[in-house]
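The values are calculated or read from the model by the stated rules, or taken from the named source; none is laboratory data. Given the structure is predicted, the values throughout are model-derived calculations rather than measurements. So basically every Cβ, Gly included, is an ideal-geometry build from the backbone, and we count neighbours across all protein chains shown.
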């Protein structure tokens with residue numbers, strides 16, 4: 001089976017993260033579409049999603065003005081929930097997306113709110 005370019009990019013980034021992953025660090029996976037952005041904090045050792053946030057949730061949908069604002073709001077919500085669960089160190093899995101635009105805004109907002117990656 002021939003893999004597409006996007007699937008190869010995704011595997012390349014994720015495999016690098018999984019090689020250096022330790023028990024103390026979790027993976028922060030980001031995915032975006034043309035209108036929404038979502039993120040999850042995943043424990044790869046037990047294959048479970050611990051925390052998730054999305055711009056399609058009702059409270060964020062009402063507050064957003066544009067796509068950049070929604071990515072910042074999702075990052076703030078995710079960081080707030082992670083602080084409550086005492087999760088601060090994660091690996092940032094940007095997937096197939098470049099560190100640019102909404103992904104960059106998302107990451108910088110997370111750093112401002114206390115996440116380390």
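Observations on the structure shown:
- Those residues of the stretch 17-33 which are without any contact (Cβ under 8 Å) to a residue 12 or more places away in the chain and under 16 Å from the mean Cα position of the chain (by Cα), in sequence order: 33
- When the test is whether a residue is under 19 Å from residue 9 (Cβ atoms) and either modelled with pLDDT under 95 or crowded, with 16+ Cβ neighbours inside 10 Å (or both), residue 39 passes it.
- Counting only residues that are in a loop (DSSP other than H, G, I, E, B) and either closer than 15 Å to residue 29 by Cα or modelled with pLDDT of 90 or more (or both), the stretch 50-105 holds 16 of them.
- Residue selected from the stretch 53-68 under the condition closer than 18 Å to residue 97 by Cβ and touching a helix residue (DSSP H, G or I) at 6+ places or on another chain (Cβ under 8 Å), by the criterion surrounded by the fewest Cβ atoms within 10 Å (Cβ to Cβ): 68
- Residue that is surrounded by the most Cβ atoms within 10 Å (Cβ to Cβ), among those in the stretch 1-36 that are touching a helix residue (DSSP H, G or I) at 6+ places or on another chain (Cβ under 8 Å) and in a strand (DSSP E or B): 28
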